[in-house]
Amino acid sequence: MMGGRLLTMAVMLGLAGCNSAPMQGEGASSDVENAAAPIPGTIPEDKLDNAMNAVDIMPGNAVSPDTGGPVYGGGSVEPGNAAGGTADDPWCPAARAAMPAARCAALTAQRDSLEEGVAAFNPPRMMMRGAATRVVLAIGAQVERSETVRAAGGRPADVQVAPVRIGRYMRAALSGSAFDIVPIGDPQRDLGMSGSEQWEWDVIPTRAGDQTLQVRIETFAQDGEGHATRLKLYQSAPIAVSVHVTDREARAEKIQTAKDDIKDTTGLLESLRGWLLALAGVIVAASLVVWRMRGFGKKPDDDKNDPSGS
């Protein structure tokens with residue numbers, strides 16, 4: 001009996017040990033599930049690439065590494081991050097940033113496919129300090145040069161024309177240290193299939209004299225879904241035009257001075273006219289006096305006046 005009880009206790013202890021130890025298959029399955037589960041607040045690796053590439057064209061908009069969404073409010077992005085690459089990736093001349101070779105090849109193809117075009121800039125060469133003036137920039141394909149020049153306004157002979165590279169997403173910025181500049185509409189444009197566009201600004205000169213207005217044009221890349229990115233494929237040299245600004249107050253003073261001079265001259269002429277008339281009257285009166293004095297004291301010729309001849 002004692003041997004049977006011992007055997008029964010040994011069997012029970014063995015069963016208890018088996019129940020407390022995890023099965024090998026179950027343990028392996030649990031480890032795989034834990035390893036595959038994403039960490040809260042992070043982006044899966046297969047989606048991170050797209051999140052970094054879909055950067056909005058607006059300056060200061062970056063991608064948050066925590067949420068994958070855009071970051072607003074003047075944030076900055078390192079060149080490698082903006083391009084969707086890392087510091088270990090090769091340098092891409094087309095994007096001026098480090099990125100994977102495949103993406104660099106795609107951006108290089110975009111850059112090389114930009115269309116040859118022209119920019120026409122024709123601000124008025126004379127402006128008045130404190131007065132708003134509308135300034136126009138037009139861009140178009142090289143084959144539509146004449147239409148682009150006309151779209152800039154003003155005299156065609158005065159238009160400043162420069163070559164540019166045209167893409168779908170473009171931006172134009174006008175600058176000048178002696179002007180207050182207010183853009184009309186969004187500086188960033190989606191040209192779509194048109195290949196032409198116009199930008200306008202209201203320009204208010206703040207200083208008189210010879211001043212300079214200049215405009216710069218940029219073309220941005222697009223991602224695989226056709227959205228604009230912050231990667232610049234092209235940036236033009238500044239297109240500069242000299243403008244002479246007159247002073248409103250000084251001009252008003254000159255006009256008033258000219259009016260006063262005319263008024264004074266008119267008064268002088270009226271005075272001169274009266275003086276000449278008075279002088280003419282004096283001359284006539286003097287002539288009568290002289291004429292009468294020449295005949296004073298002379299008697300009439302009686303012989304010539306006697307009819308009988310005696």
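The values are calculated or read from the model by the stated rules, or taken from the named source; none is laboratory data. Predicted model only: the values in this text are computed from it and were never measured. Here the Cβ is made from the backbone with ideal geometry for all residues, glycine too, and neighbour counts use every protein chain on show.
Key figures
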| item | result |
| --- | --- |
| Any hit, region 158-170, residues being in the same structural domain as Arg125 (by TED's automatic domain parsing) and without any contact (Cβ under 8 Å) to a residue 40 or more places away in the chain | yes |
| Region 144-161, subset more than 20 Å from Thr212 (Cα to Cα) and not charged (D, E, K, R), residue surrounded by the most Cβ atoms within 10 Å (Cβ to Cβ) | Thr148 |
| Whichever residue in region 118-148 is among the small types (Gly, Ala, Ser) and under 18 Å from the mean Cα position of the chain (by Cα) and, among such residues, is farthest from Tyr169 (Cα to Cα) | Ala132 |
| Scan of region 170-184 for residues that are part of a loop (DSSP other than H, G, I, E, B) and among the hydroxyl-bearing types (Ser, Thr, Tyr), ordered by number | Ser177 |
| In region 125-140, the residues that are closer than 24 Å to Pro187 by Cβ and in contact with a Ser or Thr (Cβ under 7 Å, 6 or more places away or on another chain) | Met127, Ala138, Ile139, Gly140 |
| Residues that are among the polar types (S, T, N, Q) and assigned to a strand (DSSP E or B), drawn from region 227-249 | Thr229, Gln235, Ser242, Thr246 |
| Set Leu191, Leu213, Leu174: member being touching a residue at least 12 places away in the same chain (Cβ under 8 Å), surrounded by fewer than 20 Cβ atoms within 10 Å (Cβ to Cβ), within 19 Å of Ala151 (Cβ to Cβ) and assigned by TED's automatic domain parsing to the domain that holds Thr133 | Leu191 |
| Residues of region 127-143 that turn out to be outside any strand (DSSP E or B) and surrounded by 16 or more Cβ atoms within 10 Å (Cβ to Cβ), as a count | 1 |
| From Thr148, Thr108, residue being among the hydroxyl-bearing types (Ser, Thr, Tyr), part of a helix (DSSP H, G or I) and in contact with a Cys (Cβ under 9 Å, 6 or more places away or on another chain) | Thr108 |
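Residue by residue, here is whether (1) modelled with pLDDT of 75 or more; (2) assigned by TED's automatic domain parsing to the domain that holds Arg168; (3) surrounded by 11 or more Cβ atoms within 10 Å (Cβ to Cβ); (4) not small (Gly, Ala, Ser) holds:
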position	(1), (2), (3), (4)
Tyr72	no, no, yes, yes
Val77	no, no, yes, yes
Asp88	yes, no, no, yes
Cys92	yes, no, yes, yes
Ala102	yes, no, no, no
Ala105	yes, no, yes, no
